[in-house]
């Protein structure tokens with residue numbers, strides 16, 4: 001042991017680490033503020049479930065094997081981390097562990113500790129070898145072979161191997177901790193070592209090499225371990241392995257209300273914000289500190305590759321590359337940001353760091369966030385960049401210009417006269433709120449723009465209203481007083497237009513004292529339920545599948561299982577991943593159809609987007625293959641005759657996909673309400 005050398009090594013290594021981490025954490029503090037310290041109890045629960053429990057890795061049906069492999073590396077590394085503390089103590093006092101409370105060899109906990117870290121070291125070493133094999137032989141596309149990933153695994157493997165060698169050589173040289181070195185030839189090792197079978201096995205292999213060789217291995221393995229550990233700690237801070245330090249905090253600070261509502265821009269009335277270009281995100285310092293932590297926490301695992309509808313269909317967007325581009329820029333600017341509070345580089349994020357076509361490709365489906373093992377929140381950052389592009393630069397896809405005009409003039413994206421909003425209900429005798437008192441109705445039927453103006457979706461609105469009437473539900477609609485919820489305005493970065501539309505809707509709803517709302521559109525559902533509270537609108541909001549399911553359960557709608565359709569169900573992103581509703585639509589379909597539903601391979605939380613979210617419904621899709629056709633092909637492969645869905649956007653995209661695939665004679669798209677109505681009428 002050499003306490004003076006160990007002291008010098010630790011001062012240099014930890015001093016260098018402290019300087020580097022100070023700059024990185026200091027740069028985060030100079031970014032935009034954000035409150036992530038609420039509800040500590042829930043955050044701790046989230047940390048144990050997603051962070052320590054590795055839920056998103058081992059809970060996913062696809063690639064569960066590699067997820068379990070990483071989880072074992074993570075758990076093993078955590079347990080071996082305790083070993084590192086005792087090993088550093090060895091540099092000052094031989095047999096340091098023996099002096100620690102509860103960890104001495106005369107304690108059952110000490111024996112358990114020896115067993116656990118011995119098994120964990122071998123387990124981590126085995127998992128590292130498997131990971132190296134996967135990177136070098138099968139080479140999964142999402143992992144992208146690079147030397148950084150290879151040398152990180154080699155570092156981890158070296159840390160495990162040197163520790164095993166150190167213990168094995170020490171076992172051959174020292175009969176009991178704290179005694180002078182002498183070669184110990186007997187195979188009857190001390191009882192505490194019987195709890196470390198891998199160490200005993202390795203020691204037996206080294207025993208025949210003699211005292212001199214074992215003494216060399218003893219010193220070389222120890223100081224080699226110390227050197228590798230400290231070099232690794234100081235290198236990883238500049239690599240993707242920095243996530244080893246930031247991932248758990250990132251999970252802890254993650255959004256509790258996932259899927260999180262987009263925070264409204266509070267400075268739209270601030271003239272200086274417009275003059276200084278502080279609307280939305282255009283520079284790295286405009287990101288919140290949590291969004292900066294997201295960048296540091298990216299493991300570059302590429303799981304977002306597999307689920308991103310834009311990447312899968314050959315468009316220039318994958319959230320891994322998106323993160324890497326921003327992270328490289330942040331690393332370049334972090335010292336200046338730490339010192340001055342702003343970046344020195346005049347590059348704009350969109351155009352020079354992120355290509356415009358990359359930014360606008362996102363459908364905001366949040367499949368990437370669903371699978372991200374470290375809870376990175378991609379979508380709010382993308383929308384922040386769109387806000388600056390739309391409101392400050394007026395640099396949005398050209399086809400959005402007419403959409404914005406339609407919203408501004410007639411409060412719907414098609415620009416159809418707002419006085420025609422209630423025409424879909426001709427002959428149904430649906431009452432208007434203007435002629436009704438709030439206490440006289442059970443629910444407000446929020447029709448939405450598609451149900452009001454799109455000919456295909458008008459049929460869905462009529463089917464839904466008919467079901468309510470058959471069930472004896474007292475309901476009304478706003479008619480011409482209803483405006484677009486503003487979802488597409490917010491997702492396309494036009495926050496000012498969103499707040500105008502949403503504010504007027506909130507005022508109308510509050511004036512009528514509306515408490516309960518039902519809508520067939522998940523985008524309307526998400527806006528009214530999750531985002532209108534930001535503007536003073538608090539309501540109980542249901543998707544029509546949830547409300548109809550309740551009516552069926554209460555016996556108000558007699559549904560017979562007489563339909564001969566073979567059905568597959570497409571999960572709308574804004575109903576599933578945004579509002580956690582997967583079962584109500586399926587339960588209704590099980591009631592209505594005589595045959596079991598045929599699930600697509602990608603369904604539920606792992607469902608694939610139709611391509612219409614994030615305002616993409618109103619943008620041209622000219623790069624790669626069409627997302628809706630990719631999804632439709634998956635539906636066709638099930639052999640189903642009907643694709644059921646519960647979203648007007650999905651209805652349009654799936655219907656177009658069926659037509660593009662030439663399957664209109666053998667397949668059709670129907671809304672849940674249409675299928676239930678058929679089943680009720682056939683009962």
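The values are calculated or read from the model by the stated rules, or taken from the named source; none is laboratory data. Please read all numbers here as calculations on a predicted model, not as lab measurements. Every residue, glycine among them, receives a Cβ derived from its backbone with ideal geometry; neighbour counts consider all protein chains shown.
A few notes on this one:
- Flag for residue 601 being under 25 Å from the mean Cα position of the chain (by Cα) and either part of a helix (DSSP H, G or I) or in contact (Cβ under 8 Å) with a residue 60 or more places away in the chain (or both): no
- With respect to the conditions (1) touching a strand residue (DSSP E or B) at 6+ places or on another chain (Cβ under 6 Å); (2) farther than 18 Å from residue 630 by Cβ, residue 682 lacks only one, and its number is (1).
- Every residue from segment 19-43 that is assigned to a helix (DSSP H, G or I), touching a residue at least 60 places away in the same chain (Cβ under 8 Å) and within 22 Å of the chain's Cα centre (by Cα): 28, 42, 43
- Test: residue in segment 508-531 that is outside any strand (DSSP E or B), buried (at least 24 other Cβ atoms within 10 Å of the Cβ) and more than 27 Å from the chain's Cα centre (by Cα): yes
- Where helices (runs of 4 or more DSSP H) sit wholly within segment 611-683, those with at least 3 residues that are over 26 Å from the mean Cα position of the chain (by Cα) occupy 648-660, 672-682.
- Screening 642, 652, 625 for residues that are touching a residue at least 60 places away in the same chain (Cβ under 8 Å), in contact with a strand residue (DSSP E or B) (Cβ under 8 Å, 6 or more places away or on another chain) and surrounded by fewer than 24 Cβ atoms within 10 Å (Cβ to Cβ) leaves exactly one candidate, 642.
- Some residue of segment 565-573 being touching a strand residue (DSSP E or B) at 6+ places or on another chain (Cβ under 7 Å), in the same structural domain as residue 602 (by TED's automatic domain parsing) and within 16 Å of residue 259 (Cβ to Cβ): yes
- Which numbered condition residue 253 fails, given (1) in contact (Cβ under 8 Å) with a residue 60 or more places away in the chain; (2) surrounded by 15 or more Cβ atoms within 10 Å (Cβ to Cβ); (3) outside the structural domain of residue 374 (by TED's automatic domain parsing): (3)
- Note on segment 532-550: residues that are surrounded by fewer than 23 Cβ atoms within 10 Å (Cβ to Cβ) and in contact with a strand residue (DSSP E or B) (Cβ under 6 Å, 6 or more places away or on another chain) amount to 3.
- Any hit, segment 554-561, residues being in contact (Cβ under 8 Å) with a residue 12 or more places away in the chain, under 29 Å from residue 368 (Cβ atoms) and in contact with a helix residue (DSSP H, G or I) (Cβ under 8 Å, 6 or more places away or on another chain): no
- Check on residue 326, touching a helix residue (DSSP H, G or I) at 6+ places or on another chain (Cβ under 9 Å), touching a residue at least 12 places away in the same chain (Cβ under 8 Å), within 18 Å of residue 31 (Cα to Cα) and in the same structural domain as residue 284 (by TED's automatic domain parsing): yes
- For segment 140-161, the tally of residues that are closer than 18 Å to residue 66 by Cβ and at pLDDT below 80 stands at 8.
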